[in-house]
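Some notes on the structure that comes next.
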Amino acid sequence: MNANWNYPTAIRVGSDRLSEIGDCCLSLNMGNPLLITDPGIKDFPFIKEAVDSCKASGLDCDVFSDVQPNPTGTNIEQGVTAFNSGRHDGVIAIGGGSALDAGKAIALMARQGISIWELEDVGDNWTRADVAGIAPIVAVPTTAGTGSEVGRASVILDEAERVKKIIFHPKMVPAIVILDPMVTTGLPPMLTAATGMDALSHSLEAWCSPAYHPMAEGIAVEGMRLVREYLPAAVASGSDVEARTQMLVASMMGATAFQRGLGAMHALAHPLGALYNAHHGTLNAVLMPYVLIANRQAIEPRIIRLAKSIDIPNASFDSFLDWVLELRETVSIPQNLEDLGIDDSQADLIGKMAEVDPSSGTNPILFDASQYQSVFMNALNGNLS
């Protein structure tokens with residue numbers, strides 16, 4: 001399947017379309033892009049393919065890969081230094097959520113005269129940025145989960161405060177996105193599962209959000225239907241190109257849908273990721289049933305409607321919850337947070353951090369710190385009652 005469309009940005013979907021990356025850069029008037037990725041994939045053949053495509057199009061291209069999982073402010077500073085010292089004029093971001101978030105943040109900060117923390121997604125902070133100083137971006141996701149390739153924000157760890165902060169600007173959305181399933185076929189089953197469940201969490205929390213955004217609602221439903229149909233196949237067979245393609249689309253749809261807002265899964269996953277450096281998608285997958293139960297009184301009618309829409313048999317809240325639990329088991333997601341090496345030593349802090357996380361504002365119930373702590377403890381101990 002090859003297709004192009006232009007919502008929420010210019011999208012190119014299909015096998016082997018990574019070969020078009022040089023042409024994409026030329027169309028954005030780049031002459032010397034900086035390719036940003038992470039150390040785990042910097043030596044993969046598709047990185048060389050991207051660089052070769054640029055050079056075949058007459059472009060210079062360097063690679064920056066000092067990006068850790070849960071990228072930090074220091075990673076961004078180092079990337080900006082590499083961007084400016086190499087006289088680059090655009091960014092190619094290739095990788096999972098961390099590399100994409102880092103690439104977008106580096107492009108945002110390339111020519112700014114302010115700290116990245118001054119652009120945290122609070123109020124109208126984004127207006128402080130000099131729009132002319134934002135470099136153009138081409139994004140190529142290698143996992144199907146975060147949907148960062150169509151997002152207007154990056155999640156960056158402030159090491160000093162040990163807090164993940166959302167850095168936002170409308171111009172952070174990549175100008176062109178390439179969804180090429182061939183760059184995802186080597187993703188191990190564990191990461192395929194974790195990132196796929198992350199995509200589900202985005203659509204599910206967007207669906208449950210109390211905010212009014214009917215377009216996001218429709219996109220969220222289709223995103224969840226695709227996860228239901230294709231995630232088990234993508235985990236079972238990494239070479240299933242159709243499943244890989246559809247999961248890339250589901251991931252992108254989830255990130256588009258969460259313009260409507262997220263909720264308690266992410267409000268808890270952000271501090272847990274900051275404090276324990278745990279994988280974001282896995283955290284959301286583990287937290288999912290516990291948050292659904294905590295929100296039940298506010299979301300049950302919506303979940304029943306959703307269950308009907310994606311063909312859950314005997315549509316009800318309980319049948320939907322059972323499907324989530326069965327899906328987690330099918331793709332080998334841990335049952336509780338303790339299995340991820342998390343303990344209760346910082347439970348009070350986690351509750352307080354979750355309460356003030358930006359995602360908490362669109363949870364169907366406005367939990368306080370003690371309620372977040374209770375959800376955390378249930379997820380830690382595997383208490384689904």
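Each value in this text was obtained by applying a stated rule to the coordinates, not by laboratory testing. Because the structure is predicted, anything quoted here is derived from the model rather than measured. A quick note on method: Cβ atoms are made from the backbone with ideal geometry, for glycine too, and the neighbour counts reach across all protein chains shown.
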ask   = Counting only residues that are among the aliphatic types (A, V, I, L, M) and under 20 Å from the mean Cα position of the chain (by Cα), which one in the stretch 15-74 is farthest from P181 (Cα to Cα)?
value = V67
ask   = Taking interchain pairs and intrachain pairs at least six residues apart, which have beta carbon atoms under 6 angstrom, with the first residue in the stretch 1-26 and under 17 Å from I94 (Cα atoms) and the second of a type in the set (S, T, Y) and part of a helix (DSSP H, G or I)?
value = S19/S53; I21/S53; G22/S53
key: Conditions (1) among the small types (G, A, S); (2) surrounded by fewer than 17 Cβ atoms within 10 Å (Cβ to Cβ); (3) on the phi > 0 side of the Ramachandran plot; number of the one not met by G95   = (2)
query = For A278, which of the numbered conditions (1) assigned to a helix (DSSP H, G or I); (2) farther than 20 Å from I219 by Cα fails to hold?
reply = (1)
query = Among helices (runs of 4 or more DSSP H) lying entirely in the stretch 1-87, which contain 3 or more residues that are within 18 Å of I156 (Cα to Cα)?
reply = 73-85
request  = Output yes when any residue across the stretch 92-102 is touching a residue at least 12 places away in the same chain (Cβ under 8 Å) and farther than 30 Å from L204 by Cβ, and no when none is.
outcome  = yes
task = May I ask you to list the residues in the stretch 60-92 that are crowded, with 17+ Cβ neighbours inside 10 Å and over 29 Å from L187 (Cα atoms)?
result = H88, D89
